[in-house]
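Have a look at the structure below before the remarks.
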Amino acid sequence: MRHGYLARRNPKAPNLRQVHLIPSELFDALRTSGFEVCQGDLGENIATVGLDLECLPLGTLLLLGASAMLELTGLRTPCVLIDRFMCGLKNRLQGEAAGPRFKAGVMAIVTEGGEVSPGDRIRAVLPPPPHLDLPPI
């Protein structure tokens, strides 16, 4: 599914937002800040454990399960709708001066399909250098 706003803005642009991944550690950090957000509330397709997703470089491949493969395309940019879900959440998902600009997970495209189940291992394969930061998309 294409992001409606982006598709209307540029209908010929490729869909770089096929899969939304969030580090599950974000949910703990949000709870500590007073936001009661659970898995699935932010529209993510996959919650990861132990991967610093927002710090991985553009083009990183994520190998999931036996055969699925995703390619990271950018940082998920939280829009105004996220504040309609929970007031103040958009501001909380802004990054600090050092580090990624947003802390709302990452977006990826599917490069190889396959069955993915809860608890499957995820292996990150970095692209060849030079490594580029994930752009906001």
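Just so you know, all these numbers are worked out from the coordinates, no wet-lab data involved. What you are looking at is a predicted structure, and each value in this text was computed from that prediction instead of being measured. Cβ atoms come from the backbone with ideal geometry, glycine included; neighbour counts cover every protein chain shown.
Using the charge dipole of the chain (Lys, Arg: +1 at Cβ; Asp, Glu: -1 at Cβ; taken about the Cα centre), state which of 45, 24, 117 has its Cα farthest towards the positive end.
45
Would you tally the net charge around residue 63, using a Cβ to Cβ cut-off of less than 12 Å, leaving residue 63 out, and scoring K and R as +1, D and E as -1?
Spelling it out: positives minus negatives among the neighbours equals -1.
Residues of the range 53-78 with the amide nitrogen closer than 15 Å to a label point 7 Å from the Cα of residue 112, along Cα-to-Cβ, please.
Once the point is set 7 Å along Cα→Cβ of residue 112, 60-72 turn out to lie under 15 Å by backbone N, inside the range 53-78.
Tell me the mean residue ellipticity at 222 nm calculated for the chain from its helices only (DSSP H runs of n ≥ 4, each -39500 (n - 2.57), averaged over every residue, nearest 500).
-3500 deg cm²/dmol
Below 14 angstrom from the Cβ of residue 39, what's the summed charge of the other residues (Lys, Arg +1; Asp, Glu -1)?
Local charge sum for residue 39: -4.
With a point put 7 Å past each Cα toward its Cβ, work out how far residue 66 is from residue 101 in nm, to one decimal.
4.0 nm
Normalised by the number of residues in the chain, what is the relative contact order in percent for Cα pairs under 8 Å and 6+ residues apart?
Relative contact order for the chain comes out at 32 percent.
What is the calculated FRET efficiency for residue 94 to residue 12, with r their C-beta to C-beta distance and R₀ = 35 Å, to the nearest 0.05?
Efficiency for this residue pair is about 0.70.
When a/c reaches 1.5 or more, the comparison of a/b and b/c decides; with that in mind, is the range 40-86 rounded, prolate or oblate per its Cα gyration tensor?
Note, shape of the range 40-86 comes out prolate.
About the Cα centre, and with charges only on the beta carbon of Lys, Arg (+1) and Asp, Glu (-1), how big is the dipole of the chain? Nearest 20 debye, please.
Using only the charged Cβ atoms, the result is roughly 600 debye.
How would the range 50-137 be classified by its alpha-carbon gyration tensor: rounded, prolate or oblate, with rounded meaning a/c under 1.5 and the a/b versus b/c comparison settling the rest?
Since a/c reaches 1.5 but b/c is at least a/b, the shape of the range 50-137 is classed as oblate.
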